[in-house]
Amino acid sequence: MSSWTARRFWTTASAVPVEGGFTVHLDARPVRTPLKAPLVVPTLALAEAVAAEWQAQEKTVNPETMPFTRTANSAIDKVMPQFAAVADMLAEYGGSDLLCYRAEGPADLVALQARHWDPILDWARAELGADLTRTTGVMHVAQPETSLETLRAHVHALSAFQLSAFHDLVAITGSLVLALAVARGRLTAEAAWALSRVDEDWQISLWGEDEEAAESAALKRAALLQADRFFALCG
């Protein structure tokens with residue numbers, strides 16, 4: 001991130017109230033985003049999380065250890081200027097949601113998917129007003145347009161900061177419904193991760209786990225949990 005000072009120059013990072021929300025000061029200097037915009041977040045809790053990341057830096061700044069800061073920067077520099085486009089992109093996942101595409105066999109996998117996924121689709125119909133069609137195989141099935149428009153409205157109702165975290169909830173699970181279930185408190189992020197992994201975990205139960213795949217999954221899980229923490233702090 002080109003606007004970041006490579007070496008630590010400050011003694012104290014602190015959350016400070018400003019017009020429109022809260023920012024972070026490095027001693028008396030306000031933090032700015034990579035595009036030089038003021039870093040102003042919607043809640044004190046989120047500002048404190050960002051400040052804690054800056055306070056934890058040692059002699060040199062390591063952006064990889066600053067996920068709250070990175071997501072806040074993304075919300076301001078990337079999502080705010082193109083909010084509608086980002087929201088529409090994420091809403092499109094509803095048209096090919098993971099939970100709607102079921103295995104043709106074997107029977108135990110079919111039953112496993114139904115047991116874990118059907119209650120969440122039932123929740124989406126009852127609580128979100130989105131009735132989605134289930135199918136078998138990988139061929140695309142068109143979803144009811146009214147359901148897609150309803151899901152789109154739910155996504156557009158999020159703030160830019162929420163949407164920045166919501167992006168990972170959707171992209172990592174492959175499911176708009178799972179992401180909305182987490183955002184609305186129907187599922188924990190851990191539960192959503194497990195539901196998104198029904199197929200993979202079934203395969204692992206049969207053939208064992210590949211070390212490289214396990215490492216990749218661990219990174220995705222950590223990113224999902226971090227996105228959930230950010231979303232929760234947006235208020």
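The values are calculated or read from the model by the stated rules, or taken from the named source; none is laboratory data. None of the values given here were measured: they were computed from a predicted structure. Using ideal geometry, Cβ is built from the backbone for each residue, glycine included, and neighbour counts are taken over all protein chains shown.
At-a-glance table
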quantity: Conditions (1) assigned to a strand (DSSP E or B); (2) at pLDDT below 95: number failed by F22; calculated: (2)
quantity: Residue count, region 70-101 (criterion: out of contact with any Leu (no Cβ under 8 Å at 6 or more places or on another chain) and buried (at least 17 other Cβ atoms within 10 Å of the Cβ)); calculated: 5
quantity: Residue match in region 154-170 (condition: among the hydroxyl-bearing types (S, T, Y) and within 16 Å of C100 (Cα to Cα)); calculated: no
quantity: Helices (runs of 4 or more DSSP H) fully within region 136-235 counting 1 or more residues that are free of Cβ contacts under 8 Å to residues at least 60 places away in the same chain and within 11 Å of the chain's Cα centre (by Cα); calculated: 160-173, 176-183, 189-196, 211-233
quantity: Tabulated pairs, region 27-48, first within 17 Å of P81 (Cβ to Cβ), second surrounded by fewer than 20 Cβ atoms within 10 Å (Cβ to Cβ) and basic (K, R), C-beta under 7 angstrom, 6+ apart or interchain; calculated: P38/R32; L39/R32
quantity: Matching entry among D88, D108, D97, D118 (being touching a Ser or Thr at 6+ places or on another chain (Cβ under 9 Å) and either farther than 21 Å from E149 by Cα or modelled with pLDDT of 95 or more (or both)); calculated: D97
quantity: Test: residue in region 152-167 that is farther than 30 Å from A47 by Cβ, in contact with a helix residue (DSSP H, G or I) (Cβ under 7 Å, 6 or more places away or on another chain), crowded, with 20+ Cβ neighbours inside 10 Å and in the same structural domain as I204 (by TED's automatic domain parsing); calculated: no
quantity: Leading residue by the ranking (surrounded by the most Cβ atoms within 10 Å (Cβ to Cβ)) among those in region 25-47 that are out of contact with any strand residue (DSSP E or B) (no Cβ under 6 Å at 6 or more places or on another chain) and in a helix (DSSP H, G or I); calculated: L46
quantity: Among the candidates Q55, Q82, residue that is in a helix (DSSP H, G or I), farther than 27 Å from R186 by Cα and without any contact (Cβ under 8 Å) to a residue 40 or more places away in the chain; calculated: Q82
